[in-house]
Amino acid sequence: MKTQIISVDGNNIDKDVMRRAGEIIKKGGLVAFPTETVYGLGGDALKEESSGKIYRAKGRPSDNPLIVHICRMEDLPYLVEEVPDTARRLADAFWPGPLTMILRKSDKVPRTTTGGLDTVAVRMPMHRAALAFIEAAGGYVAAPSANISGKPSPTLARYVAEDMDGRIDMILDGGEIGIGLESTIVDLTGEVPVILRPGYITKEMLEGVLGKTEVDKALSDSSPAQPPRAPGMKYRHYAPKGELTIISGRQEQVVEEINRRAREKRQQGEKVGVIGTEDSVEYYIADSVKCAGTRKDENTIAKALYRILREFDDEGVTVIYSESFGEPEGSGIGQAIMNRLFKAAGHHIEYV
Ligand code: AMP
Ligand code: MG
């Protein structure tokens, strides 16, 4: 299959391009598209064959459900048994935006899309090109992140092409993604809302609208008794090829420890990469030192993280050390950053 790559601009939508992309989805094909979180790999959410194609293109286990993307609130009732009041309030506050809600599905949604579950994950993205594309595609686009399963989610079309060239019909290139980490997932099917995956919309923001909100306990535990409630969170995910270790502690000590380890590993013939921030990168000595942004604005770190992990892959880095960016129980997007970094590191963190 030849994959077409076409540039799109959210501020200047080319209707003809969107119509062509929408036609591909309506005919059962696959199109990767930019959203504000990461690039998505879209197919028709209401067609069984389309979700099957998505799982195959990604090499994704078919028990790992897809998020259905919509572009209008009026389209939500079609997908679900009922729209609870909690969902309406969250949609008012955060849609369009980086929030996915888990609701009981209607019989219109095939079980291939939901990985066999009775619930469906729904999101209305904010990116204008994504909204125009979903509308052109008929309103219901199932889309996981547009990476081969197990690799970091793509934040640039170049990385989508690296993973998906020849496997899908079209890539809409919208440039670098703004947020850089996947959406927050909140389950609204129980008594109390539960966060299944942390993201840009934080627990505090959800509690501001809903009151008490819990976090899936499996997320803060490296070998949980219960599997995570979002099936996808159980897989080793977001992984670079190199072996990643997080070193946490006071900055000077972290720098010293990472440099000591880097020296040792390089003597053993490893190629070493380091992830620091504006405040620390100049002090590191390694084969490849990357600046993830500034601690003063953790959004910069969220945006850079997956790109850096992919760059290390391209450079053939075999051992990676990263500073720690806040605690998994912390506030703001730091919690989402650490959730992804922990998974990329296989929960390997050391304190100095
Ligand atoms: P991705 O689209 O690659 O960001 O992955 C979607 C995430 O949403 C995965 O972690 C899925 O397991 C999760 N997810 C999708 N649908 C559901 C659902 N009905 N219940 C729980 N988690 C879900
Ligand atoms: Mg993904």
Checklist entry - Computed over the Cα atoms of the range 19-77, what is the ratio Rg over Rh, Rh following Kirkwood? => result 0.95
Item to check | 23 Å Cα-Cα threshold exceeded, pairs from Lys15/Lys108; Lys2/Lys241; Lys47/Lys105 | outcome: Lys15/Lys108; Lys2/Lys241
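If you scale each eigenvalue of the Cα gyration tensor by 5 and take the root, what three semi-axes come out for the chain, rounded to whole angstrom and sorted largest first?
On the way: eigenvalues 229, 112, 61 Å².
Semi-axis lengths for the chain are 34, 24, 17 Å.
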Item to check | Distance in nm between pseudo-label sites at Glu311 and Lys217 (7 Å out along the Cβ direction from Cα) | outcome: 4.0
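How do 2-10, 68-76 rank on mean C-beta neighbours within 10 Å, highest first? Can you show the working numbers first?
Details: 2-10: 14.8, 68-76: 18.9.
Descending mean neighbour count gives 68-76, 2-10.
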Checklist entry - Expressed as an acute angle from 0 to 90° and rounded to the nearest 10, what is the orientation of the C-alpha long axis of helix 251-267 relative to the principal long axis of the chain? => result 80
Checklist entry - In whole Å, how far is the Cα centre of the range 124-171 from that of the range 9-68? => result 6
Item to check | In degrees, nearest ten, helix 15-26 long axis to first principal axis of the chain (Cα) | outcome: 80
Checklist entry - What angle, in degrees between 0 and 90 and rounded to the nearest 10, separates the Cα long axis of helix 298-315 from the longest principal axis of the Cα atoms of the chain? => result 80
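Using packing as a proxy for protection, rank 216-225, 185-194 so that the peptide with the highest average count of other Cβ atoms within 10 Å comes first.
Working: 216-225: 13.9, 185-194: 17.8.
The peptides rank, most packed first, as 185-194, 216-225.
Every number here is computed from the coordinates shown, using simple stated rules; none is lab data. Everything numeric here is computed off the predicted structure, so don't read it as measured data. Glycine also receives a Cβ, built like all others from the backbone with ideal geometry; neighbour counts cover every protein chain displayed.
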